[in-house]
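The values are calculated or read from the model by the stated rules, or taken from the named source; none is laboratory data. Nothing here was measured: the structure is a model prediction, and the numbers come from that model. As a convention, Cβ positions derive from the backbone with ideal geometry for all residues, glycine included, and neighbour counts pool all protein chains shown.
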Amino acid sequence: MLKRTIFQKLALIVGFSFLYLPILLIVIFSFNESKLVTVWGGFSFKWYGELFRDEVMLSAAWLSLKVGFISATLATIFGTIAGLIMARFGPFKGRALLAGMMSTPMVMPEVILGISFLLAFVAMEKMIGWPADRGFVTLIIAHTTFTLAYVSVIVQSRLADMDPSIDEAAQDLGARPLKIFFWITLPMIIPALASGWLLAFSLSVDDVVISQFVSGPGYTTLPLKVFSSVKLGIDPKINALGTLIVLIVGTAALISALTVMRRAKKKG
C-alpha cells in the first residue's frame, strides 16, 4: 500500500511537471536580459517594453481578443440552444442529423475545416457577393462554427444531469417554457455556460490552421503572427507575450473556479 502511494505521488509530480514546467520556463525567461532565449543574462523587464512598442504584435493580439470574445459569445448562445434541444426535446425528425452536425467540428481535422470554410466563403461571394473579403467577419463565422460544438456538448451534458421534474413542477404551477428557461434552467447551468465560453474563447485565440484559411491581408491573428515569427527564430518578446497570456487566462480560470466554489457552498 505504501509503495502504491509513493508511485501515485511520483506519477502526479511527473505529470504536473510535464504540463507546467515549460510554462514556468517561459515565465522565467521572459525576464531575461539576453537575446538568447535559452541563456540567462540577468533579470530585466526589457522584453516587456519591446513587446508594448511592437504595434504589429499588439494589433494582432487585439484582433485575436476581439474575434475570441465575439465568437465565444455567439458560440455560447447558439451552443446553449443546440444543447437544450438535444437534451430536452426528446426524439424528433432530424435529431441524428443535428447530433452529427454538432459533433463533426470536434472530430474533423482542422485542415479540412479550414478548406471547407474557404470554399464556402468563395462560393457565397460569387452567389450573393458576401463576404466580399476574408477578414474579421469570416474569422468570427469560422471560429463560432468551430467552437459551437464544444459548448453544445458541455451544455447538453449539464442539462442531462439535471432533474427534469423541476421543470415539470414549474409547468404545473403555470410557468411558460421561456420563463422556466430564464428563471430556473439558466441559473442552474451558468457554471456550464462559463466553462463553455472559456473553452470557446481559448480555442479561438489559440487557433492557427482555420485562421490561416479564412483570414486575409491586414487581419493577422496573434497565433498566425507568432507562428510566422518563430520560423525565423524565437524572439524573446514571445516569452513576454506568453507570460501575459498565462496571467490573463490563469486569472480568468481562478475567478471561474472561485465562483463555482461559492455557488457550491451556497447550495450546501
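Would you mind stating whether A170 is of a type outside the set (V, I, T), over 18 Å from V107 (Cα atoms) and in contact with a Lys or Arg (Cβ under 6 Å, 6 or more places away or on another chain)?
No: the conditions fail for A170.
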Requested in this report: Could you tell me which residue of region 38-48 is surrounded by the most Cβ atoms within 10 Å (Cβ to Cβ), considering only residues that are touching a helix residue (DSSP H, G or I) at 6+ places or on another chain (Cβ under 9 Å) and at pLDDT 90 or above?
Outcome: W47
Query raised in the report: Picking from I248, I190, which residue would you name as being within 28 Å of G135 (Cα to Cα), surrounded by fewer than 20 Cβ atoms within 10 Å (Cβ to Cβ) and either at pLDDT 80 or above or aliphatic (A, V, I, L, M) (or both)?
Result: I248
Report task. Might you check whether a residue that is assigned to a loop (DSSP other than H, G, I, E, B), of a type outside the set (S, T, N, Q) and within 28 Å of the chain's Cα centre (by Cα) occurs anywhere in region 18-30? Result -> no
**Report entry** Evaluation of S103 against (1) assigned to a loop (DSSP other than H, G, I, E, B); (2) within 27 Å of T138 (Cα to Cα) (one fails), failing number
**Finding:** (1)
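Please go through region 106-118 and give me each residue that is part of a helix (DSSP H, G or I) and either among the hydrophobic types (A, V, I, L, M, F, W, C) or at pLDDT below 85 (or both), ordered by number. Full working, then the answer.
First, pick out the residues of region 106-118 that are part of a helix (DSSP H, G or I): 106-107, 110-118.
Hits for region 106-118 are M106, V107, V111, I112, L113, I115, F117, L118.
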Query raised in the report: Quick one: in region 119-140, which of the residues that are in contact (Cβ under 8 Å) with a residue 60 or more places away in the chain and either touching a Leu at 6+ places or on another chain (Cβ under 6 Å) or not in a loop (DSSP other than H, G, I, E, B) (or both) is surrounded by the most Cβ atoms within 10 Å (Cβ to Cβ)?
Result: L139
